[in-house]
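Structure, as structure tokens:
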Amino acid sequence: MSFNKTLIKYQKNKINFYGNPNRIPQKQQYDFFIIIPAYSEYDYIDNTLSSINEQIDIDFKKLLVIVVINNSLSDSSDIKENNLKTYIKLISRKDDFELIVIDSFSLKQAYDKKIAGVGLARKIGMDFCIQYSHSNSLLCCIDADTLIHRHYISIILQQYQKTLFCAGVVNFSHQKSDNKQINKNIKSYETILKDNAEKLQKI
């Protein structure tokens, strides 16, 4: 099945959830997308976006970054206020890349807690990107407190050009804590995640 036919089929049958983007993207198509769910991330999201600004050997005009600010209808007022502050801050940012902020947190856009969460937020972001993608576009998901290496995007693009992979897991490490027990738990958690990724690759 061709890319266009597959795209139309997915758009018809699988796009059931929507958020409200702050604006329409400037271009019709992009080569690379970064989707970032944000849940009470006011204190961290700036550093994440700044690390995207620091990417080298890429064409920022071909990059679209999507931040999906989300919470459930029943989340606490503190979380909702944090998300509103995050939204207001992000829509006034000036970056080297193009940024779209999707409202999935306000009263009219939030979902019931039974279905709300990071998975749905990622899906909303990726579904939004699909309409601006082409058959070789790459969709990448990171977290709102992730700091990416300066060569993050360029290395992914190089690997794709070599192997034409359908999906991939990029190596990562969590930021260190001053607490030794937290660092120990982080190491155990990372081991589980990377072990699962290796098993999926073998499958």
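No lab work stands behind these numbers, since they all come straight from the coordinates. Nothing here was measured: the structure is a model prediction, and the numbers come from that model. Counting neighbours? That spans all protein chains shown, and the Cβs are built from the backbone with ideal geometry, glycine included.
What is the local net charge at Phe17, summed over the other residues whose Cβ is closer than 10 Å to its Cβ (Lys, Arg +1; Asp, Glu -1)?
+1
Using mean Cβ contacts within 10 Å as the protection proxy, how do 122-133, 31-42 order, highest first?
Per-residue Cβ counts within 10 Å, averaged per peptide and sorted highest first, yield 31-42, 122-133.
Above 24 Å lies some portion of the pair distances; for the stretch 1-128, what is it as a whole percent of all C-alpha pairs?
The answer is 30 percent, as a whole percent.
Counting each DSSP H run of 4 or more residues in the chain as -39500 (n - 2.57), what helix-only mean residue ellipticity at 222 nm follows after dividing by all residues, to the nearest 500 deg cm²/dmol?
-13000 deg cm²/dmol
Taking a ≥ b ≥ c as the square roots of the Cα gyration tensor eigenvalues, with a/c under 1.5 meaning rounded and otherwise prolate when a/b beats b/c, else oblate, which class fits the stretch 101-183?
It comes out oblate by the Cα gyration axes.
If the only charges are +1 at each Lys and Arg Cβ and -1 at each Asp and Glu Cβ, what is the size of the charge dipole of the stretch 1-67 around the Cα centre, to the nearest 20 debye?
740
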